[in-house]
1. It is to be established whether one or more residues within segment 137-145 are at pLDDT below 85, exposed (fewer than 15 other Cβ atoms within 10 Å of the Cβ) and closer than 23 Å to P50 by Cβ.
2. How about segment 115-130: which of its residues are touching a helix residue (DSSP H, G or I) at 6+ places or on another chain (Cβ under 7 Å) and not hydrophobic (A, V, I, L, M, F, W, C)?
3. Just give me the residues in segment 116-126 being open to solvent by less than 30 Å² (accessible area, probe 1.4 Å) and of a type in the set (S, T, Y), in sequence order.
4. I need the full set of residues from segment 108-149 which are closer than 12 Å to I57 by Cβ, of a type in the set (S, T, Y) and under 10 Å from the mean Cα position of the chain (by Cα), in order please.
5. Does any residue in segment 77-106 that is without any contact (Cβ under 8 Å) to a residue 12 or more places away in the chain come within less than 9 Å, Cβ to Cβ, of a residue that is outside any loop (DSSP other than H, G, I, E, B) and β-branched (V, I, T) six or more places away or on a different chain, and which pairs are these?
6. What tally of residues in segment 74-114 results from selecting those that are of a type in the set (V, I, T) and open to solvent by less than 20 Å² (accessible area, probe 1.4 Å)?
7. Let me confirm something: among E194, E169, which residue is open to solvent by 20 Å² or more (accessible area, probe 1.4 Å), in a strand (DSSP E or B) and either at pLDDT 70 or above or not polar (S, T, N, Q) (or both)?
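The values are calculated or read from the model by the stated rules, or taken from the named source; none is laboratory data. Bear in mind that the values here come from a model prediction, so they are computed numbers and not experimental data. Counting neighbours? That spans all protein chains shown, and the Cβs are built from the backbone with ideal geometry, glycine included. Just the protein is used for accessible areas: all its heavy atoms, side chains included, with ligands, DNA and RNA removed. Shrake-Rupley method; radii C 1.70, N 1.55, O 1.52, S 1.80 Å.
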Amino acid sequence: MSNPRFVYIMRSFMRHFFQLLYHPFAFTYDLVAWVVSFGKWNNWVLSIFPFIEGTRILEVGHGPGHLQRFLRDRGLAPAAIDESSQMGRLASLRLGTNHKLARALAQSLPYATDSFDTVVSTFPSEYIFDPRTLAEIRRVLTNDGKLVVLPATFPSNSFLKWLYKVTGESPQAIDSLLVQRFAKPFEQAGFNTEVRIQDQQKGAVLIVILAKKETRSF
């Protein structure tokens, strides 16, 4: 069982790390991403393309703008938000003047209700699990619109093998626990949710959350 104090310290450390990475040290983001992914970061981001539906796309947390460029290269005109002004400048430099970037919080999206077919977020920090964020995403999605989130990846499936070993749990039990933990916030926010654990080339393991907006009748 996890030590609560250790978990708290690690979460605080990671929160501070991402605050620095997204703000004063935003210029190092691409280098850090390349190093931690062994050069596969953009390939991981591109893995979400088969799940995107429709033409009206919103990216939550655009970072340095790579996904925006990939979407534009496919003939789409996506919109995107990010809270970090530093990331906004980096993305603007990458995309030129023809972009739809906005500085905003995920908990207060500056778009009309039913505006987007798909909302996508790759490697977001913990704000993506905030009920206020999910309520806003649900609001701006069309009926039957889809939220696609790539929250985490393991550089090698050896990590999972290690996890199976140290916990004494079967692969099926660990996979089931990961799915439950990732799915719960989205299900509570009113999404029909599927969590996929996908093996990639060279052993990488991606977690992909597919959350479809439930059309509620009153």
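1. no
2. Selection gives S115, S121, T122, S125, Y127.
3. Filtering segment 116-126 down to residues open to solvent by less than 30 Å² (accessible area, probe 1.4 Å) leaves 116, 118-124.
Residues satisfying the conditions are T118, S121, T122.
4. Scanning segment 108-149 gives a single hit, S121.
5. none
6. Going through segment 74-114 one residue at a time, the tally reaches 1.
7. E194
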